[in-house]
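Working notes, beginning with the structure itself.
Nothing in this text is a laboratory measurement; each read-out follows from the coordinates by a stated rule. Only a predicted model underlies this, so the values are computations on that prediction, with no experimental measurement involved. Quick reminder, even Gly has a Cβ in these numbers, built from the backbone with ideal geometry, and neighbours come from all protein chains shown.
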Amino acid sequence: MIEKYIQALKEHALADPAAVPDGESILGVLYECHNEYHPYDNYQIKADFYALYEKMNGMPLREMDKIIYPVCTLCRDHEKAGFVEGVKIGVRLACELTE
């Protein structure tokens with residue numbers, strides 16, 4: 001499985017070397033690769049969105065979009081931040097264990 005991530009990172013870096021200039025960008029690219037191969041679309045997430053749509057029942061579609069788009073962006077930003085921080089902690093732990 002890790003081979004897919006490494007290959008995707010290599011392809012991204014070769015396609016646009018300027019897009020991965022630092023560690024934070026590389027972690028972001030790693031998140032994107034991970035998310036592509038492991039989408040987080042589980043039962044709980046589907047149920048939560050269903051509940052949100054239930055609350056908006058009767059709203060015009062444009063009004064619903066004004067709520068859903070920022071909610072999805074917020075969720076994705078928090079998911080990405082959690083992923084990146086988790087990788088950082090994992091790297092620190094690996095370093096400490098090998099010292």
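A few remarks follow.
- Scanning region 63-98 for residues that are hydrophobic (A, V, I, L, M, F, W, C), more than 14 Å from His34 (Cβ to Cβ) and surrounded by 11 or more Cβ atoms within 10 Å (Cβ to Cβ) gives Met64, Ile67, Ile68, Val71, Cys72, Cys75, Val91.
- The residues of region 31-79 that are of a type in the set (Ser, Thr, Tyr) and in a helix (DSSP H, G or I), listed by number, are Tyr31, Tyr37, Tyr43, Tyr50, Tyr53, Tyr69, Thr73.
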